[in-house]
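> My questions all concern the structure below.
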Amino acid sequence: MLPGIRMKRNGKKVALVVGGSRGIGRQIAIDLAKSDYYVVVVAKTTSDAYKTDPFPPDPNSSQSTINTVVREIKEAGDDALALPVDVRDPASVANIVDETVRQLGSLDVLVYNSGAIWWASVEDTPMKRFQLMQRVNLEGLYGSIQAAFPHWKRQGWNARIVVVSPPIYSRFFRGKTAYAVGKVGMSVLTKGLAMDFVRQGRTDMAITSIWPASAIESAATRKHRDPSVQQDLRRPTIFSDAILAMLKAPPGEVNGLIDTDEDFLRKRDVTDFSKYSVVPGSTPRRIMPAEFPKLEVAEQDDEGQRMDSTKLTKSKL
């Protein structure tokens, strides 16, 4: 650890929010900072925050960047750092992870919120769109975790990962299959890495996925001025509140969990969700199923002899 690092961190845990420049990601970064985390805000879009007028900018506009979010956090009296990244580039991802640890000494929480969206049939999804979504969504997440492994090993395997990806169920694929391939892949990564943590005895590690139960206000939904659309929206604070609750839960309780914001908060005895409604007094429509299928099978642990490719000789590959 570099001299003076602990003083710079002020004893706070370090949270890296990938995709933290606007919308849900911005809210996650701001609320983590309010909850005594030193937040590293990471995304592609940068700006001169002190020339942004008006300030703070619309959180769902292109005026909101990693720099304006950091300015918001600092002006509220909290700690934050802005680092630009292109999640499509593994070297760029590795650099922001390494730089976070170099400047702040550790990486305690990794939140992966970056996402590329194209909702259409397979026929109407060009190959370039498909590739972009896989690189930003699934590969960006995988690269972030891979880059963090050496640091987590040095700090004794004590960290949390939060992934913005959905519960796995058939209706999610409808009309957006190409998008679902990557997003469900992120949820598969959550389940599989959680199993690795258990098998490796890393009881202080946990990876958890979260998804909105009801639509959340964003740049896309702002375009709909129809009151019937607005009354079905929630504020992004429900999402950040759920993530904070996940981070407070024991690792074993949330490792491998894939849940929605509302459902997880209900498990923490939250019953009043009225403060999250964009339109006061409205009850936003739930877009997620009331129940999700269970992925486990009866013979869950009967997998036979497990193959480990890292232990195979080159001649056998």
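> Do we have residue 38 as touching a helix residue (DSSP H, G or I) at 6+ places or on another chain (Cβ under 8 Å), aromatic (Phe, Trp, Tyr) and part of a helix (DSSP H, G or I) here?
In short, no.
To keep it simple, each residue is scored yes or no on (1) in a loop (DSSP other than H, G, I, E, B); (2) under 23 Å from residue 211 (Cβ atoms).
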| residue | (1), (2) |
| --- | --- |
| 47 | yes, no |
| 53 | yes, no |
| 59 | yes, yes |
| 70 | no, no |
| 73 | no, no |
| 86 | yes, no |
| 93 | no, yes |
| 106 | yes, no |
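> Identify the residue in the stretch 145-170 that is in contact with a strand residue (DSSP E or B) (Cβ under 8 Å, 6 or more places away or on another chain) and of a type in the set (S, T, N, Q) and, among all such residues, is farthest from residue 192 (Cα to Cα).
Among those that are in contact with a strand residue (DSSP E or B) (Cβ under 8 Å, 6 or more places away or on another chain) and of a type in the set (S, T, N, Q), it is 158.
> Sticking with this structure for a sec: Looking at the stretch 224-263, which of its residues are part of a helix (DSSP H, G or I), modelled with pLDDT of 95 or more and of a type in the set (Gly, Ala, Ser)?
240, 242, 245, 252 - these are the residues of the stretch 224-263 that are part of a helix (DSSP H, G or I), modelled with pLDDT of 95 or more and of a type in the set (Gly, Ala, Ser).
The rows are residues; the columns are (1) touching a residue at least 40 places away in the same chain (Cβ under 8 Å); (2) aromatic (Phe, Trp, Tyr); (3) touching a helix residue (DSSP H, G or I) at 6+ places or on another chain (Cβ under 8 Å).
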position	(1), (2), (3)
255	yes, no, yes
258	yes, no, yes
261	yes, no, yes
269	no, no, no
276	yes, yes, yes
290	no, no, no
295	yes, no, yes
302	no, no, no
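> Any idea how many residues of the stretch 194-223 are within 20 Å of residue 29 (Cα to Cα), at pLDDT below 95 and either in a helix (DSSP H, G or I) or hydrophobic (A, V, I, L, M, F, W, C) (or both)? Talk me through it step by step, then tell me what you get.
Step one: of the stretch 194-223, the residues within 20 Å of residue 29 (Cα to Cα) are 206-212, 215-219.
Subset that is at pLDDT below 95: 217-219.
Subset that is either in a helix (DSSP H, G or I) or hydrophobic (A, V, I, L, M, F, W, C) (or both): 219.
So the count comes out to 1.
> Please go through (1) within 21 Å of residue 249 (Cα to Cα); (2) in contact with a Leu (Cβ under 8 Å, 6 or more places away or on another chain) for residue 193 and return the number of the only condition it doesn't satisfy.
All conditions pass for residue 193, except number (2).
To keep it simple, each residue is scored yes or no on (1) over 20 Å from the mean Cα position of the chain (by Cα); (2) modelled with pLDDT of 95 or more; (3) among the small types (Gly, Ala, Ser).
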site	(1), (2), (3)
19	no, yes, yes
43	no, yes, yes
46	no, yes, no
51	yes, yes, no
55	yes, yes, no
103	yes, yes, no
122	yes, yes, no
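> Now, a different point. What pairs can you find where one residue is in the stretch 180-193 and without any contact (Cβ under 8 Å) to a residue 60 or more places away in the chain, the other is surrounded by fewer than 17 Cβ atoms within 10 Å (Cβ to Cβ) and assigned to a helix (DSSP H, G or I), and their Cβ atoms are less than 8 Å apart, with a gap of 6+ or different chains?
Sorted first by the residue in the stretch 180-193, then by its partner, the pairs are 180/173; 184/173.
> Here is a follow-up. Among the numbered conditions (1) under 30 Å from residue 128 (Cα atoms); (2) surrounded by fewer than 17 Cβ atoms within 10 Å (Cβ to Cβ); (3) of a type in the set (D, E, K, R), tell me where residue 217 comes up short.
(2)
> Hey, among 233, 189, 247, which residue is within 16 Å of residue 167 (Cα to Cα) and crowded, with 19+ Cβ neighbours inside 10 Å? Walk me through how you get there before you give the answer.
Working: 233 fails: within 16 Å of residue 167 (Cα to Cα); 247 fails: within 16 Å of residue 167 (Cα to Cα).
When all the criteria are applied, what remains is 189.
The values are calculated or read from the model by the stated rules, or taken from the named source; none is laboratory data. Predicted model, so just to flag it, every value in this text is computed and none were measured. Ideal geometry is used to build each Cβ from the backbone, glycine not excepted, and the neighbour counts take in all protein chains shown.
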